[in-house]
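Have a look at the structure below, then the notes.
The values are calculated or read from the model by the stated rules, or taken from the named source; none is laboratory data. It should be emphasised that the depicted structure is a prediction, and the values quoted were computed from it without experimental measurement. Here the Cβ positions follow ideal geometry from the backbone for every residue, glycine too, while neighbour counts run over all protein chains shown. Areas reflect the complete protein model, heavy atoms only, side chains present, ligands, DNA and RNA absent. Shrake-Rupley method; radii C 1.70, N 1.55, O 1.52, S 1.80 Å.
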Amino acid sequence: MQLSYKLDKDETGQFTIYNLVGDVVSKYSLTAESGTLSISEKQLAAGMYFYNITVNGKTVKHDKFIIIK
């Protein structure tokens, strides 16, 4: 799974994955002005997950995704 992103010059971000009970499964830093974040599905068991993208400490997107194996 890949996530392309673009941040302004002075921004930093974080991509956080949560399981169904709200435990943090993984955290990834988004530091470059633009880039691609690669997430290996091998680390995740089959099921539904939630993610949260924050930029400078503010949530800019949250949603869910499903891993099917």
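Its residue count N sets the reference 2.2 N^0.38 Å, and the alpha-carbon radius of gyration of the chain equals 1.12 times that reference. Spatially, the range 34-69 and the range 13-31 are offset by 7 Å when compared through their Cα centroids. Less than 5 angstrom separates the built amide H of V25 from those of I17, Y18, N19, all sequence-distant by 5 or more or on a different chain.
For the chain, the fraction of 1.4 Å probe accessible surface lying on carbon and sulfur atoms is 50 percent.
In nm, to one decimal, how far is the Q2 label point from the L37 one, both placed 7 Å along Cα→Cβ? For Q2 paired with L37, the spin-label model returns 1.6 nm. Distance between the pseudo-spin-label points of I66 and L20 (7 Å out from Cα toward the beta carbon): 1.2 nm.
Around the amide H of T12, modelled in the peptide plane, lie the amide H atoms of N56, all under 5 Å away and 5 or more residues distant in sequence or on another chain. For L37, the amide hydrogen comes within under 5 Å of the amide hydrogens of L3, S4, Y5, counting only partners 5 or more places away or on other chains and with H modelled in the peptide plane. Here the 3J(HN,Hα) profile of the range 55-61, calculated from phi with Karplus coefficients 6.51, -1.76 and 1.60 at θ = phi - 60°, is 10, 6, x, 10, 5, 10, 7 Hz, Gly and Pro shown as x.
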